[in-house]
Amino acid sequence: MVVRKRATLSGLRRQEELTAWLFVAPVALGILLFQVYPVLFSLYISFTTWNLIRPPRWAGITNYVHLFTTDFVFPTALLNTAEYALGTVIPGIALALVFALLLNQQIRGRFVYRAIYFVPVIAPTVSIAILWTWIYDPSFGVLNYALKIIGITGPPWIADSAWAMPSVIIMAIWQSLGFNIVIFLAGLQGISQDYYEAAAIDGANAIRRFSAITLPLLSPVTFFVLVLSVINALQVFTAPYVLTRGGPANATMTIVMYLYNEAFPYQSMGVASAIAYCLFVIIVALTALNFYLQKVWVFYEEGT
Amino acid sequence: MSREAPVLASSPRQAIRPSRRQFRMRRLVGSLTIHVPLSLCGVVMAFPLVWLLSTSLKDPGEQFAFPPQLIPTPLYLKNFTDLFRLLPMWLFIFNSMKISVLSVVGGCLSSALAAFAFARMRFRGRDVLFAVLLATMMIPTQVTIIPTFVLMRLLGWLNNHAALIVPNVFGSAFNVFLLRQFYRGIPQDLIDSAKIDGAGFVRIFWQIFIPLGTPALASVAVFNFLWSWNDLLGPLIFLNTQNNFTITLGLTFLQGRAGETRGHWGVMMAGALLGVIPMIVLYLLAQRYFVQGLARTGIKG
């Protein structure tokens, strides 16, 4: 009897195990086919010469050496991507924080403001970039018209190699602002009002309340936004592709756009995979650095 | 956590009571210092989109008018008819819809199943598999795109929408993670009493977790839809004949073709607008889920 009962129990357990594996099977298969296999395969390809026609030929570290020594474009792409990341991440976060603080008040029309800030986030970057090509038009663009009103002769924006990257950055900040605002707002609303009431009783002014309460208690959210913004910035493709196709004179060529160019128009899969791996290493390194640095400035409330 | 709760909490200012008149003055000044910068910035933020709409309705002459006019007179609808004559925009929109909807439906279902198993079932290898899943969130799509291309070529799916749909149908780590967090919060009592009533895991999943998990599932769905709809790199790599183009790919193609029409910039803006409108509709229908989804990832991620 005892033996039979144990057998049925383990039968139930076995059934649970089987059902669970059936439930996770699609996702597990997807991870295998579209994440694990590609990550390993592209690592291999990065050490070969391959044009998709003949079988891959082992090339050792030639592709990597090429990228960092004889390739003219890759260093430019790295620098441009760094410029884009620096230009979008810090100003983007600072601006979003200011707006979130303003929007966190008891104001009328929050719904309207939120919609205004959020529509650029959800709109396709392709549409947004086409719109900004028109806004940036040197002769007929509305931006240079607006600048003329206040007495400034506007630059040629995306038509000029010195101004092209700043143009991409301005557009990107405008587009992603709402995303960060929404995350900051959620963070701000998670801060207990008790702290502010206690501070008000102690006579702390607004600036002091901000620097001693809001900023530290919001820092985990700021950290999250920072990590996400850096990762997104390093992968930038669509905005410069639509605005400038990487030009003029490679001024807006980014890592991912260069990867795309090498892989698809030129079919040098080895070099493209090496670029992909460089990007991967940079992303992992910067994310690790962010996690390391968080000890210095991110404040976690006790008990959370 | 309710979004509205902190608004109801009393403001620290009320702790020290000023006279009623002082209070009113202070409130007026306070609300002005908030509303003036906010609405100024709101105008700056909203202007580009207003300009998009405005230019799409301008006749060729008015587009270059000096000074530029905000409200087109007369409304020039020919940009849209020219656009549809130039390129099969409805087909692009249909293709995008098809790819996005199928990706979302498949991706949500498979992710929800896996999330349920990870959250509420015991099986060997669960923790290892979940760790692997989380680790894959670190991999940028660009690293996987060449091998995926090779795989699709092998399957004969180049220039086929399947190449853009099928990988999404297998779900994603992001979806599973978000849904698992939510499913862990559903009370165990519900599962236990369902089990006593003789329900198996399939029924528990379908009749308890799917209905109770709707808010989380809706958040996942809107974000997946957004990513599918807005994706350019995927369609650029996998699709190469015009009839298969998505709206985003079609718009980059339009960049090279709009010059053939009389209303060049107006036609481009009309096209760009067609890409934006479905997302605005989605936002209006589901804005709660956009915001909740972001808040959930932002705070608990």
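For the range B:14-89, the relative contact order works out to 21 percent when only alpha carbon pairs closer than 8 Å and six or more residues apart are counted.
With loop defined by DSSP as not H, G, I, E or B, and exposure as at most 12 other Cβ atoms within 10 Å, which is the longest segment of chain B clear of exposed trypsin sites (Lys or Arg not before Pro)? Excluding the exposed sites themselves, the longest stretch runs over B:125-261.
Given the C-alpha centroids of the range B:199-253 and the range A:48-62, what is the distance between them in whole angstrom? The range B:199-253 and the range A:48-62 have Cα centres spaced 35 Å from each other.
Computed 3J(HN,Hα) for the range B:37-49, one whole-Hz value per residue from the Karplus formula 6.51 cos²θ - 1.76 cosθ + 1.60 where θ = phi - 60°, is x, 5, 6, 4, 5, x, 5, 4, 5, 7, 3, x, 6, glycine and proline marked x. Amide H to amide H distances under 5 Å link B:Ile186 with no residue, where only residues 5 or more positions off or on other chains count and H is placed in the peptide plane.
Within the range A:64-148, report the trypsin sites (Lys or Arg not before Pro) that DSSP leaves as loop and that have at most 16 other Cβ atoms within 10 Å. Could you put the intermediate results ahead of the total?
Numbers: sites: A:Arg108, A:Arg110, A:Arg114, A:Lys148; in loops: A:Arg108.
Answer in residue order: A:Arg108.
For B:106-113, what's the mean count of beta carbons from other chains sitting within 10 Å of each residue's beta carbon?
Values: counts 1, 3, 0, 1, 8, 3, 2, 7.
Mean shielding count: 3.
In plain terms, the residue of A:Tyr258, A:Tyr195 with the fewest other Cβ atoms within 10 Å comes first and the most crowded comes last, giving A:Tyr195, A:Tyr258.
For the range A:107-122 versus the range A:252-297, the spacing of their alpha-carbon centroids is 33 Å. Given their separation in residues at 0.36 nm each and the Cα-Cα distance between them, A:Ser211 and A:Phe140 gain 21.1 nm when the chain is fully extended.
The equivalent ellipsoid that matches the C-alpha gyration tensor of the protein assembly as shown spans semi-axes of 39, 37, 25 angstrom, in descending order. Amide H contacts for A:Thr48 (H built 1.01 Å from N in the peptide plane; partners 5 or more residues away or on another chain; cut-off under 5 Å): A:Ala59. Alpha carbon centre of the range B:32-81 versus the range B:91-115: separation in Å? So the two Cα centres are separated by 34 Å. Among A:Ser211, B:Ser96, a tally of other beta-carbon atoms within 10 Å of each Cβ gives an order, fewest to most, of A:Ser211, B:Ser96.
Give me B:Leu254, B:Leu40, B:Leu226 sorted ascending by neighbouring Cβ count inside 10 Å, so fewest comes first.
Values: B:Leu254 25, B:Leu40 10, B:Leu226 21.
In order of increasing Cβ crowding within 10 Å: B:Leu40, B:Leu226, B:Leu254.
Computed from the coordinates by the stated procedures, all read-outs in this text should not be read as laboratory data. These numbers were taken from a predicted model, which means no experiment stands behind them. Every residue, glycine as well, gets a Cβ built from its backbone with ideal geometry; the counts of neighbours run over all protein chains shown.
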